[in-house]
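Student: One structure, as structure tokens, below. Some questions next.
The values are calculated or read from the model by the stated rules, or taken from the named source; none is laboratory data. Here the structure is a predicted model, which is why all the values come from computation and not from measurement. Counting neighbours? That spans all protein chains shown, and the Cβs are built from the backbone with ideal geometry, glycine included. For accessibility, only protein heavy atoms count, side chains too; no ligands or nucleic acids. Shrake-Rupley method; radii C 1.70, N 1.55, O 1.52, S 1.80 Å.
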Amino acid sequence: RDGQYHTEEMCRMCESKPHSWKAAEDINQCPGRCSKGCPRCEAQYWYGRSEVCVFEEVTEMNCDTALGDVQWIYDVSSALGGVCWSSDVVSCAEHGGVVKGCSGLERNQCYNSETELGLPWQVLSCFWNDWAPCTDQAECVGQGECSDWQYQDWYSTDSSSTDTKVCRIEWKHGDHWGFPDYRACSCSNSVGYYEDACIIYGIDSDACTSTHSGQMVGRATSKTQCEDIKACFRKTDFYPVITAVSEQDCNNADKCDDTVYEWRSVHSWTDGIWTEARHQNLTWRAREMIPANTWSRFLSTSQLYSIAQKAIMQMVSDAFVSETRCLIEPLLAIFNASACNCGTDREKLSGFCAGAFQQAAILAQATWFEGAGQVLKMNIATASLNTSQIKAELTARNLDFLKVGLGYISPYLNGINSAASGNRRNGVSLSCTDFEIVKNANNEVIGQVVGAAAVIEGVASSEVLLCIKIEDSETIPQCDYKYTVLDFAPGLSNNQPGLPLQASITLDKSNRACGTVSALQSSIAGSLTVWPILRTSDMAPYVVWSGPTVKREIVLSYASKDLFTLKRRNAFKESVAQVLKDKGIQVSDTDVVIIKVCDSNGCTTFVNRRRGMRRNTDSVTVEYQVQIQSGVDASAVESAVDDSTFTDSFETQMANRGETVTASFPPPETTPVPTGGDGAATTSPPLGGETDDDDDGGLGGGAIAGIVIGSLAGAGLLGAGGWYMASKGSTSGVAAPLNPVQAPGSVEVPGAELSAQTTYKTASGNFGNERGSGDATALLGHAVGKA
């Protein structure tokens, strides 16, 4: 306004909220602002007044003497035929008048103000303002709003009512995509389809509850009401709600992955935010004559567009390059090797061909800018940097963006692992020893690689969070009985694994090894190579255990041995050790060694032993041993692992480590045999479990047991029809009667470790295994065991 800022003292503005300006001489004229309205009853603004003075007992004849500017207005509804009133509310009380206004009226009263105040609309007309400005911070904070706009009955004609509600019908079934089944919500009334429920407008409570089995719901007036309605959500979907899923199922990680689904409120509550007002001083400049034109720099929008376009096209091209490399990488590796070794001009490519058989295959590319953390993914590995790390890289290297690549190096490359490469090429079965290429500072083998190396290019100094895939034991056999610690090893200049980092590594749900590695630990500038490895706990070569052991088998409810991953094997060893510790036996998880895992398709051997095991069709059988350290009682270990409560305790410990599994002891295998009395067939439990293929010509353990048992039977020391079995898993078998009534007692059989497939016949003659024989008078034992 002309003259509004005519002095330097008036050269300031009132800022009541961001970018909201007005002139104000002092702070009292500069109130704060609230982000929400404070609903109340107000007078219509065109009257220019919010209150009036009313003389309720004054007639028209005496009205002009009541107050200076008093007026009379006719009103047929009034007992006096009209109302005597004045706009002077200051002197109202001393002249016997009553001040009346819209302030303080409730919503329904406000819409009926003529009746409530007893004033015709010509004097004062009120209306309800939902967005009236809040007077102070306390009033503002008390206001808020829920996002449940669908519960507003837009079809209600009664705008004065605060109790407008709609009929809410919860979704009972989702469609085959998991979204609401809209066909289940249809009727002749106005229908709204919303993510959490079917909503019908314009019907009464009786129709809602009886006809549609719904519930009348209105808009929430508090945060508690607003957040009361909850549902199961996908965390990343555009339409995230999953209908007809209970809270119990949504929070059950076995049914709904907790990294993908969550149970939360459908609506959100927004509190009122108060912005304090402040005076913003402006710049006072005296009037003067200045040049009309100035020469200055300005922003070129065309160049700005060109920079943005180049950045976007750079990111788009990264995606195409990554896709193309993934498609043709196997061919490129072959062509590179062929060209470098067989090409006529290979001398010209000496720089490119250096270590051609050891080069990393970069499959994924990305361009990272400052401002947000980034993750680069491929099947073998993922690499990520947070916001501050990307900023530090750009600042230190004076770059506008990072050009990052992620690739891998195969553990089978001849220049890196000649043993695995040669055996694989010649069709020889691989073993874990083929991958023992991890060495300590003394050049001693202390571990093996368990997957391909991840290679990240373009990061010079930051710590990178890497997750690298651990291959299954069929692809890369794992000597985790030797090497018990999961670690990372940086790649050397020849890409072979260097000295282990001794880092803190964890296994995620996808059986990937995850840990943080600094790019400064790389021996190649601008490129970081990391191998996932298993190593010894003390960084020294593995020493074969020569002490006593206790061997057992246990059946787990995994459908396949392929599911018995490294993470689960570690949990298995920790659980067995913890069960023993709870019984007062001091063992560590490194004392528990997994020997073999079998399912219906065969066995995976973790220790080089020749041993037969049963194969299950719907579970896996794990053979393991506990190494008995000095001071540990072997009989106590045997008693603990054979105790009937062992499997329950084991399951509890596995559950504590995030593994839900059912464990049981292997059932005894039976073989039909004749009795010693009437010749009728009976069944005997197995007499052991270990086989020996050595061609030593000696007597098997089962044969020795046959001698002892046969001799006892021939001497009449066993009851008629009494049969005995020897226990397995110890250096001496214990013969116990199959039928304790016919043949009570037990007999010690020294040196017997009997086969699980042993049969007996009542006959005289030779006995033994395929390569050893002997004589017996009562039994012919066909057993395979240790001579």
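Student: What percentage of the solvent-accessible surface of the range 98-142, computed with a 1.4 Å probe over protein heavy atoms, is contributed by carbon and sulfur atoms?
Tutor: On the range 98-142, the fraction of accessible area on carbon and sulfur atoms equals 48 percent.
Student: Ordered by packing density, taken as the mean number of other Cβ atoms within 10 Å over each peptide's residues, highest first, how do 38-44, 137-143, 290-296 rank?
Tutor: 38-44, 137-143, 290-296
Student: May I ask you to give the solvent-accessible area per residue for the range 202-258, in square angstrom, as obtained with a 1.4 angstrom probe?
Tutor: Heavy-atom accessible area per residue stands at 64 Å².
Student: So, taking all protein chains as they sit and a 1.4 Å probe, how much accessible area belongs to Arg568, in Å² rounded to tens?
Tutor: 60 Å²
Student: Oh, and also: Just how far, in whole angstrom, is the range 119-142 from the range 71-105 if you go by their alpha carbon centroids?
Tutor: 20 Å
Student: Note down the magnitude of the dipole of the range 550-668 about its Cα centre, charges +1 on Lys and Arg C-beta and -1 on Asp and Glu C-beta and zero elsewhere, to the nearest 20 debye.
Tutor: The calculation lands at about 540 debye.
Student: Given a 1.4 Å probe and heavy atoms of the protein chains only, how would you sort Asp271, Asp196, largest accessible area at the top?
Tutor: Asp271, Asp196
Student: In a shell of Cβ-Cβ distance under 10 Å around Val266, excluding Val266 itself, what net charge do Lys and Arg (+1) and Asp and Glu (-1) give?
Tutor: Here the charged neighbours net out to -3.
Student: Let me ask something additional. Using the Karplus equation 6.51 cos²θ - 1.76 cosθ + 1.60 (θ = phi - 60°), what ³J(HN,Hα) coupling, rounded to whole Hz, does each residue of the range 558-564 give in order, writing x for Gly and Pro?
Tutor: Working through the residues one at a time gives 8, 5, 8, 5, 5, 7, 8 Hz.
Student: How high is the relative contact order of the range 468-529, in percent, with contacts defined as C-alpha pairs under 8 Å that are six or more residues apart?
Tutor: 33 percent
Student: Something else about it: How much of Trp368 can a 1.4 Å solvent probe reach, expressed as accessible area in Å² and rounded to 10?
Tutor: The accessible area of Trp368 comes to roughly 10 Å².
Student: Could you rank the peptides 476-482, 498-504 by their average count of other C-beta atoms within 10 Å per residue, with the highest value first?
Tutor: 476-482, 498-504
Student: In square angstrom, what is the accessible area per residue of the range 555-667 with a 1.4 angstrom probe?
Tutor: Spelled out: the 1.4 Å probe surface of the range 555-667, per residue, equals 43 Å².
Student: How much net charge surrounds Lys469 when only other residues with a Cβ under 13 Å from its Cβ are counted (Lys, Arg +1; Asp, Glu -1)?
Tutor: Once all neighbours under 13 Å are counted, the net charge is +1.
Student: Give the residue list of chymotrypsin sites (Phe, Trp or Tyr not before Pro) in the range 230-281 that are DSSP loop and have at most 14 other beta-carbon atoms within 10 angstrom.
Tutor: The qualifying sites are Phe238.
Student: Taking H as built 1.01 Å from N, whose amide H comes closer than 5 Å to the amide H of Met216, not counting residues under 5 places away?
Tutor: Counting only residues 5 or more places away or on other chains, the set is Arg168.
Student: Checking the table Lys469/Lys596; Lys36/Lys100; Lys439/Lys482; Lys439/Lys509; Lys230/Lys377; Lys482/Lys551 against a 25 Å threshold on Cα-Cα, which pairs fail?
Tutor: Lys36/Lys100; Lys439/Lys509; Lys230/Lys377, as the Cα separations exceed 25 Å there.
Student: Once you sort the root eigenvalues of the Cα gyration tensor of the range 534-585 as a ≥ b ≥ c, which label holds: rounded (a/c under 1.5), prolate (a/b larger than b/c) or oblate (the other case)?
Tutor: In terms of gyration-tensor shape, oblate.
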